[in-house]
Amino acid sequence: MRVRVIGGGLAGCEAALQLACRGFEVDLYEMRKGMGETPAHKTSDLAELVCSNSFKGTALTSAHGLLKNELKMLGSFLLQAAEKTKVPAGESLTVDRELFSKEVEELVAKSKKITLHPKECVDLISEIPTLVAAGPLCSDALATQIKELTGGKFLRFFDAIAPVIDSDSIDYSQAFAMNRHEKGETADFINCPLDKETYLEFVKRLQEADSVEEKPFEKKELFEGCLPIEEMARRGTDTLRFGPMRPIGLGKHYAVIQLRAENRQKTLYNMVGFQTRLKWNTQKEIFRLVPALKNAEFARLGCMHRNTFIESPKLLDPSLKLSNPQSLIPNPQIWFAGQITGAEGYTEAIATGWYAAWNMANSLLGKEELLLPHGTCVRALVEAITAPNEDFQPMNFNFGLLPRPERLRKSEKKDFFRELSRKNLIIFTRCCRKN
Ligand SMILES: Cc1cc2nc3c(=O)[nH]c(=O)nc-3n(C[C@H](O)[C@H](O)[C@H](O)COP(=O)(O)OP(=O)(O)OC[C@H]3O[C@@H](n4cnc5c(N)ncnc54)[C@H](O)[C@@H]3O)c2cc1C
């Protein structure tokens with residue numbers, strides 16, 4: 001049977017590979033192959049990582065560690081690709097972005113069941129069952145079609161990208177290599193400390209700085225989990241010192257900016273948590289106030305981008321299938337995955353790509369929905385985007401989404417989540433055997 005996947009990003013590639021594995025002939029559409037970059041994507045590669053090169057933590061006592069552990073058990077292709085191309089970064093799964101995309105390109109090219117169409121897909125309504133994974137920069141033509149098909153229930157908001165620095169331009173006499181709390185065997189972060197006087201000047205300049213002018217449709221609420229640093233600075237002088245510039249676990253410093261390697265060669269470093277929409281010259285001036293960055297050369301400056309997502313709680317059923325009663329066509333054979341569903345984050349995009357693909361396959365093969373048991377991370381993530389919610393906003397996966405005892409002491413948390421992970425493993429094995 002033939003199916004379509006729109007979008008060759010993280011969710012779309014995972015979905016296409018899973019559908020191919022389940023025996024479907026997959027038409028995978030990726031517009032950047034024909035049209036080049038978007039405001040966030042810089043290449044025409046499949047599964048491009050648009051900002052950070054990190055898939056976050058791996059420890060089974062962290063929410064992202066558990067989610068990745070589940071995806072590993074579920075046989076996620078993109079997680080394997082990430083493991084294969086990882087770079088040292090303490091307890092996080094961080095990859096060489098070029099090698100990662102290359103690995104995914106090869107997996108897609110090797111699959112005899114996937115046909116890659118290097119063009120924009122603009123006909124959402126089709127006789128062929130379709131999985132939409134067009135991401136936060138979904139093309140305008142497709143966005144308009146989704147909007148029409150779903151009776152106008154559509155939202156937009158914006159978030160920001162962090163700057164990247166050429167490693168040769170860092171003044172290492174003013175910086176030190178260390179992981180927070182000295183975790184990990186190698187020191188993977190370069191830390192740029194600021195004394196009180198420099199910090200106060202830095203924050204003052206951020207508070208007074210000009211941002212890129214907002215377009216009228218950008219004047220929406222910013223996503224709280226990804227605030228631009230100037231926005232944080234304006235909320236209070238100490239906000240950054242308790243946020244991305246916190247010195248905890250890094251010795252006695254007033255404030256610290258952490259830099260994380262962007263690639264295996266460590267020629268580029270990302271300013272961790274420094275997403276911004278300041279004007280480019282202003283960014284350079286302010287960031288060069290930091291002693292270690294006084295000569296910094298920026299390979300990429302921070303910027304703002306459109307971030308498109310649908311109102312999933314009103315539009316999708318628990319299998320991520322479009323089930324909107326206001327839809328123009330009865331029972332549309334359309335599933336959604338990735339950032340466009342409001343599942344925010346790279347790992348979350350892969351997780352929903354896997355989940356939507358398996359549910360699409362089961363539905364088309366006349367099998368039961370594969371909702372996965374309560375208490376699993378993937379289920380919790382899907383519930384977060386599909387459960388009724390009048391004030392729906394995109395969501396990263398976090399422990400707050402998982403069911404757990406009401407009063408769990410801090411000391412009990414580690415064991416609780418390790419045990420949860422062990423139970424999930426058993427549940428998954430059963431679920432996957434059934435399908
Ligand atoms: C600016 C920005 C920065 C982000 N930074 C991070 C971060 O650092 N860490 C993190 O975890 N998450 C981040 N995210 C959130 C999110 O995890 C990523 O956007 C992630 O790439 C989403 O995966 P996806 O597969 O849904 O979308 P994408 O990876 O963007 O893939 C969608 C693909 O669909 C294609 N496409 C769109 N429309 C069409 C069409 N009509 N026809 C054919 N192809 C089409 C696009 O070209 C794109 O390749 C960021 C998001 C944005 C917008």
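The values are calculated or read from the model by the stated rules, or taken from the named source; none is laboratory data. Quantities reported herein were computed from a predicted structural model and do not represent experimental measurements. Glycine gets a Cβ as well: all are built from the backbone with ideal geometry, and neighbour counts include every protein chain shown. Just so you know, the surface numbers come from the protein's heavy atoms only, side chains and all, with ligands and any DNA or RNA stripped out. Shrake-Rupley method; radii C 1.70, N 1.55, O 1.52, S 1.80 Å.
Annotations
- Share antiparallel - DSSP beta bridges, the chain, percent rounded to 5: 65 percent
- Measuring nothing but how far apart in sequence close Cα pairs (under 8 Å, 6+ apart) lie, relative to its length, region 163-301 scores a relative contact order of 43 percent.
- Here's the picture: charge each Lys and Arg Cβ at +1 and each Asp and Glu Cβ at -1 in region 163-301, and of Phe298, Gln207, Pro247 the one pushed furthest to the positive end of that dipole is Pro247.
- Helical runs (DSSP H, four residues minimum) scored at -39500 (n - 2.57) apiece and divided by the length of the chain put the mean residue ellipticity at 222 nm at -10000 deg cm²/dmol.
- Cα gyration tensor shape for region 20-63, rounded if a/c is under 1.5, else prolate or oblate: oblate
- Normalised contact order of region 272-371, rounded percent, pairs of Cα under 8 Å and 6 or more residues apart: 20 percent
- Span from the region 243-296 Cα centroid across to the region 99-130 one, whole angstrom: 37 Å
- Around the Cα centre of region 249-352, unit charges on the Cβ atoms of Lys, Arg, Asp and Glu (plus for the first two, minus for the last two) sum to a dipole of about 560 debye.
- Of the GluC sites (Glu not before Pro) found in region 322-384, those that fall in a DSSP loop while having at most 15 other beta-carbon atoms within 10 Å are Glu368, Glu369.
- Across the protein chains, with a 1.4 Å probe defining accessible surface, the residues Arg205, Arg97 rank Arg205, Arg97 from largest area downward.
- Separation of region 333-399 and region 28-72, taken as the distance between their Cα centroids, equals 16 angstrom.
- Farthest positive-ward along the chain dipole, Cα basis, beta-carbon charges - from Ile165, Ala349, Ser411: Ser411
- Length-normalised contact order for the chain - Cα pairs under 8 Å, 6+ apart - percent: 21 percent
- Whichever lysines have a C-alpha closer than 24 Å to that of Lys252, once near sequence neighbours (fewer than 8 apart) are set aside: Lys183, Lys196, Lys204, Lys294
- Note on region 163-301: with charges restricted to the Cβ of Lys and Arg (+1) and Asp and Glu (-1), its dipole about the Cα centre is near 160 debye.
- Whole-number accessible area per residue in Å² for region 163-301, which is evaluated in the context of all protein chains at 1.4 Å: 51 Å²
- For the chain: Kirkwood Rh in Å [reciprocal of mean 1/r, alpha carbons]: 22.5 Å
- Ranked by the mean number of other Cβ atoms within 10 Å of their residues, highest first, the peptides 8-16, 67-75 come out as 8-16, 67-75.
- Here the chain is assigned +1 on the Cβ of each Lys and Arg and -1 on the Cβ of each Asp and Glu. Its dipole about the Cα centre then comes out at about 1120 debye.
- Difference of contour (0.36 nm per residue) and Cα-Cα distance, Leu425 to Lys112: 109.6 nm
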